[in-house]
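The structure appears below as structure tokens.
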Amino acid sequence: MAAVSRTRPGSGHQPERAAALAGFGRYAGPATLILASLADGPKHGYALTKDIESFADVRLAPGTLYEALARLQAQGLIEPLESHDRRRPYRLTSAGAQALRAHLDAQRRVADVGLRRLAGNWGVA
Amino acid sequence: MRPPEAAARRAGTLLRWYPKAWRSRYGEEFAELLICDISERPRSWARTADVVRGGIVARLAAAGLCGCTLEARDQARASLGSLACCVAIFLGFGVAMWSQLTIGWQWSEPDTAATTVATVAMSAAMLVFALLALAAAVPVLWSVASRVARGRPRGLLAPSVLFLAGAAVLFVGGRHFGNGWPGTGGHPWARQGLVPGGVAAFSWASTLAVSSYWAHPAALAAFPPAELAWMMGSPLAVALVIGGAAMAVRRAELSPRVLDFETRLSTAACAAMAVFLAGCCAWIVDGGPGPRNLFHAGAIDVAGAVVMTIALAGARQAARLARQAVRGPGSSDACRGGSHARPGGSHARPGGTGSLPGGGDEER
């Protein structure tokens, strides 16, 4: 998680980024999964698929994966590395780390509120 | 055939759904991923459907009609080129209907207020289209001419030749067949029209291919051979004009100021299309069954209105994406930072606006 730790704490742009992520629409899921996977280090397409399957129990189909990779790359949130054996790894950029951090923070706030209300009103811890 | 070879072959087949530029960038690594996936799951309709959908999205993105995977200026040019195609398709059907109404008006005024208002609205929109086309063409032609003058016509020769050839065929053929039928305004007593008779005649002749006679082969067979040949050949000329114009827009090195100007025109063009379509729909609703001569609306007009609606939707999407690309980073969540993040370009943008793509679509 070294890349994520490079984010600027208390950045004034955080709410804006979180709002932008909320508007990510149907690409929010794959993009978040890819960024979260790349936060652990560079990976190529197949390694991304397997890693995401292992930690999220979601298998990204090839077309969906590369559609999201192309968009993330175009936005400067990930970058390609040198290709090896017909496989090109991608790594997170610092902008991508910030965007992921802001998005996960927003998701955590929602999760915290939801869990607190469940515990208070439904007795579900 | 050994399993790995079969997987590679199937991966190659699936890869063909993607456009050439995408394949040259991602093809090798994507094929490798597909081979691994096929090896794990030899049969998967979901994978095939996903790849097909991804290929279509990639083609739409390359045409500037969705997503923001192109560099800002490329995005603007691609979107403007696609917008030109959408407007041309819209006008292909629109002009056919409009010329029918204006030719009808040469003989007698419309018999209902709704058709009268609709025809006037469509004519006003056509005038706006003509002015917008002129305003849009001048900077593009200037850019093309200055490149040719500087001795750098590479890439522009083919679109210029295609455009000029198509336009010449349309002009000559349109004039020839427009003058060949008295009902198109050439008749001496046809002087009561809303627009000049020659304009109506030319519009009618250049869109002669948009005809319900295609569904009636027996009637079609009674047409003069030259007219039949024109009905079959003129769509090709229109395609040459559209293709040439779109290619020229994509390849011309338009300055940011010109791109900004063109995108403003594109917004105005969408508004004119909406007005035209509204008039067209009003006429179709008003001009249903019954002997109303040329003011009668038939099934082909309904089909044309459907095509025009789809073309308007495409044009609006292209205009919106072109506008977002021209405004540049920071003005749009959908394309923010696109120009900073190309392969081999600058990498991390510390402190930059790290939004994920796609925001603009949902926020509107």
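The values are calculated or read from the model by the stated rules, or taken from the named source; none is laboratory data. Source: prediction; values computed, not measured. When we count neighbours, we look across all protein chains shown, and the Cβ atoms used for this are built from the backbone with ideal geometry, even at glycine.
Count of the stretch B:307-319 residues, restricted to those that are crowded, with 19+ Cβ neighbours inside 10 Å and either among the small types (Gly, Ala, Ser) or closer than 15 Å to B:Leu70 by Cα (or both), is 5.
Go through the residues of the stretch A:76-94 one by one and say whether even a single one is in contact with a Pro (Cβ under 7 Å, 6 or more places away or on another chain), of a type in the set (Gly, Ala, Ser) and at negative phi. So far as the stretch A:76-94 goes, yes, one or more of its residues are in contact with a Pro (Cβ under 7 Å, 6 or more places away or on another chain), of a type in the set (Gly, Ala, Ser) and at negative phi.
For first residues located in the stretch A:82-110 and farther than 26 Å from B:Leu33 by Cβ, partners that are modelled with pLDDT under 95 and surrounded by fewer than 17 Cβ atoms within 10 Å (Cβ to Cβ) and lie 6+ apart or on another chain with Cβ distances below 7 Å form the pairs A:Ser94/A:Arg6; A:Ser94/B:Pro350. Here are B:Val161, B:Val172: which of them is out of contact with any Cys (no Cβ under 6 Å at 6 or more places or on another chain), in contact (Cβ under 8 Å) with a residue 12 or more places away in the chain and β-branched (Val, Ile, Thr)? Every option except B:Val161 fails the conditions.
Looking across B:Asp361, B:Asp333, one residue alone is within 14 Å of chain A (Cβ to nearest Cβ), in a helix (DSSP H, G or I), on the phi < 0 side of the Ramachandran plot and at pLDDT below 70. It is B:Asp361. Can you tell me which residue is modelled with the lowest pLDDT among those in the stretch B:106-115 that are surrounded by 22 or more Cβ atoms within 10 Å (Cβ to Cβ) and within 19 Å of B:Val285 (Cβ to Cβ)? Per the criteria, the residue is B:Pro110. Determine, yes or no, whether A:Gly63 is more than 13 Å from the chain's Cα centre (by Cα), assigned to a helix (DSSP H, G or I), crowded, with 22+ Cβ neighbours inside 10 Å and at pLDDT 90 or above. When the stated conditions are applied, A:Gly63 passes them.
Within this structure, B:Leu101 passes the test of being under 30 Å from B:Val241 (Cβ atoms) and part of a helix (DSSP H, G or I).
Among the conditions (1) buried (at least 21 other Cβ atoms within 10 Å of the Cβ); (2) in contact (Cβ under 8 Å) with a residue 40 or more places away in the chain; (3) within 14 Å of chain A (Cβ to nearest Cβ), B:Ser82 misses just one, which is (3).
Given the structure, is B:Ala118 in the same structural domain as B:Leu259 (by TED's automatic domain parsing), buried (at least 18 other Cβ atoms within 10 Å of the Cβ) and assigned to a helix (DSSP H, G or I)?
yes
Within the stretch A:33-49, the set of residues being part of a helix (DSSP H, G or I), more than 9 Å from chain B (Cβ to nearest Cβ) and more than 15 Å from A:Pro80 (Cα to Cα) comprises A:Leu33, A:Ala36. Is there a residue being closer than 25 Å to B:Glu71 by Cβ, within 10 Å of the chain's Cα centre (by Cα) and surrounded by 19 or more Cβ atoms within 10 Å (Cβ to Cβ) anywhere in the stretch A:37-56? Scanning the stretch A:37-56, I find at least one residue that is closer than 25 Å to B:Glu71 by Cβ, within 10 Å of the chain's Cα centre (by Cα) and surrounded by 19 or more Cβ atoms within 10 Å (Cβ to Cβ), so the answer is yes.
Taking the conditions exactly as written (surrounded by 15 or more Cβ atoms within 10 Å (Cβ to Cβ) and either closer than 30 Å to B:Gly180 by Cβ or free of Cβ contacts under 8 Å to residues at least 40 places away in the same chain (or both)), does B:Val238 satisfy them or not? It is true that B:Val238 is surrounded by 15 or more Cβ atoms within 10 Å (Cβ to Cβ) and either closer than 30 Å to B:Gly180 by Cβ or free of Cβ contacts under 8 Å to residues at least 40 places away in the same chain (or both).
Being within 8 Å of chain A (Cβ to nearest Cβ), in a helix (DSSP H, G or I) and under 23 Å from B:Gln317 (Cβ atoms), is that true of even one residue in the stretch B:32-46? No, that holds for no residue. In the stretch B:206-232, of all residues being in contact with a Phe, Trp or Tyr (Cβ under 9 Å, 6 or more places away or on another chain) and part of a helix (DSSP H, G or I), the one that is nearest to B:Val140 (Cα to Cα) corresponds to B:Ser206. In the stretch B:255-290, the qualifying residues are those that are outside any helix (DSSP H, G or I) and within 20 Å of B:Val307 (Cβ to Cβ), and the one that is modelled with the highest pLDDT is B:Gly287. Taken over the stretch B:18-31, the criterion of being part of a helix (DSSP H, G or I) and more than 7 Å from chain A (Cβ to nearest Cβ) is satisfied by B:Lys20, B:Ala21, B:Trp22, B:Arg23, B:Ser24, B:Arg25, B:Gly27, B:Ala31. Here the condition is being among the β-branched types (Val, Ile, Thr), out of contact with any Gly (no Cβ under 9 Å at 6 or more places or on another chain), in a helix (DSSP H, G or I) and crowded, with 24+ Cβ neighbours inside 10 Å; of B:Val95, B:Val87, B:Val128, it holds for B:Val87 alone. Residues that are in the same structural domain as B:Ala78 (by TED's automatic domain parsing), touching a Phe, Trp or Tyr at 6+ places or on another chain (Cβ under 9 Å), on the phi < 0 side of the Ramachandran plot and polar (S, T, N, Q) do occur in the stretch B:233-253.
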